[in-house]
Amino acid sequence: MWTNIGCGERVDLDEGLRLSRLLPASDGGVPPLDPLLLVDDIQMNGYGFPSHVHSGFEKLTLTLEGRVRHTDETGRDEILSAGDVHYLFAGTGFVHAELPVSQCRIIQIWFNTPAYTQGDRGFAKTYRRQACATHKKDWGSLMEVAGPSAPIQLVCAASVSIWEMKPRAIAEPGCQGMGLAYLLQGEVSTPQGMASSGQCLTVGSTHSRSGKIQAGDEGCVFLWVTGQPLKEPVSMLGGHVIKVI
């Protein structure tokens, strides 16, 4: 059952660089939507994120609109277009940069990683749009980004997909552990309330189903993230995630 409806905090980082942070950073405890750490909706126009270092987590970057350039310490230099996905395992430390080629919108999703992986070396990989399978459903379609049958296998074993629902269609996303639906377009309703573009629905459940969700009159598109908790406390210091004993 859906347990919460909320929206993110908007932060203007620089001219042409805007960020909506949907979850508060964890500081010394188990993340509230464990293993999910952060979900950022970012718009870049001329300004981006020059070379910087991360450690202690894994991250997916989904390009929704425009084009963004990813470079890293290995010499990789790639341009991602709408539908492409960038995966980063930060490990003990990994240096990279993200800069817009044109006005763009990206979604970044940060996940906690098990303690036994904290000593592993960082790396990055790009997955093009065609690598992610799209499945037709009675209510619309979904694109698998990460998960058991998706091209990206997250260390924390979470699943990520993008759902596109027809007007007034009804679906029932499966959830074991935690779940978060972030509305990219349109509106959805549940027995607990309604959410529109830019808002999110969260659910924490040990059951295999989270409850029904209905698209609005114009249909909807939402990001669906679900996974089992690691139950490992962390502290987030900028771009670094530190295990707390």
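The values are calculated or read from the model by the stated rules, or taken from the named source; none is laboratory data. Keep in mind the model is a prediction, meaning the values are calculated, not measured. Neighbour counts run over all protein chains shown; Cβ positions are idealised from the backbone, glycine included.
Would you confirm whether any residue within the range 35-47 is over 26 Å from residue 184 (Cβ atoms) and not charged (D, E, K, R)? Steps first, please.
Kept after step one, since they are over 26 Å from residue 184 (Cβ atoms), are these residues of the range 35-47: none.
Among the residues of the range 35-47, not one is over 26 Å from residue 184 (Cβ atoms) and not charged (D, E, K, R), which makes the answer no.
Out of all the residues in the range 144-154, is one or more without any contact (Cβ under 8 Å) to a residue 40 or more places away in the chain, crowded, with 17+ Cβ neighbours inside 10 Å and part of a strand (DSSP E or B)?
Looking for residues that are without any contact (Cβ under 8 Å) to a residue 40 or more places away in the chain, crowded, with 17+ Cβ neighbours inside 10 Å and part of a strand (DSSP E or B), one finds at least one in the range 144-154, hence yes.
Starting from the range 168-184, keep only residues that are without any contact (Cβ under 8 Å) to a residue 60 or more places away in the chain and in a loop (DSSP other than H, G, I, E, B), then list their pairs with residues that are of a type in the set (Gly, Ala, Ser) and crowded, with 22+ Cβ neighbours inside 10 Å whose Cβ atoms are within a distance under 8 Å, requiring at least 6 positions of separation or different chains.
168/215; 169/215; 172/210; 173/179; 173/181; 173/210; 175/210
Determine if the range 195-215 includes at least one residue that is at pLDDT 95 or above, surrounded by fewer than 19 Cβ atoms within 10 Å (Cβ to Cβ) and in a strand (DSSP E or B). Walk me through it before giving the result.
Quick first cut of the range 195-215, residues at pLDDT 95 or above only: 214-215.
Going one step further and asking which of them are surrounded by fewer than 19 Cβ atoms within 10 Å (Cβ to Cβ), we end up with 214.
With the extra rule that they be in a strand (DSSP E or B), the set shrinks to 214.
Yes - at least one qualifying residue is present in the range 195-215.
Answer yes if at least one residue in the range 18-31 is surrounded by 12 or more Cβ atoms within 10 Å (Cβ to Cβ) and under 15 Å from residue 103 (Cα atoms), and no otherwise.
Among the residues of the range 18-31, at least one is surrounded by 12 or more Cβ atoms within 10 Å (Cβ to Cβ) and under 15 Å from residue 103 (Cα atoms), which makes the answer yes.
Would you please name the residue that is farthest from the chain's Cα centre (by Cα), looking only at residues in the range 100-122 that are under 24 Å from residue 34 (Cβ atoms) and of a type in the set (Val, Ile, Thr)? I'd like the intermediate steps shown before the answer.
Of the residues in the range 100-122, the ones under 24 Å from residue 34 (Cβ atoms) are 106-120, 122.
Checking the rest, the ones that are also of a type in the set (Val, Ile, Thr) come to 106-107, 109, 113, 117.
Details: 106: 10, 107: 6, 109: 3, 113: 15, 117: 20 Å.
Taking the candidates together, the pick is 117.
Among the residues of the range 177-203, write down those that are more than 19 Å from residue 141 (Cα to Cα) and under 17 Å from the mean Cα position of the chain (by Cα).
Matches in the range 177-203: 177, 178, 198, 199, 200, 201, 202, 203.
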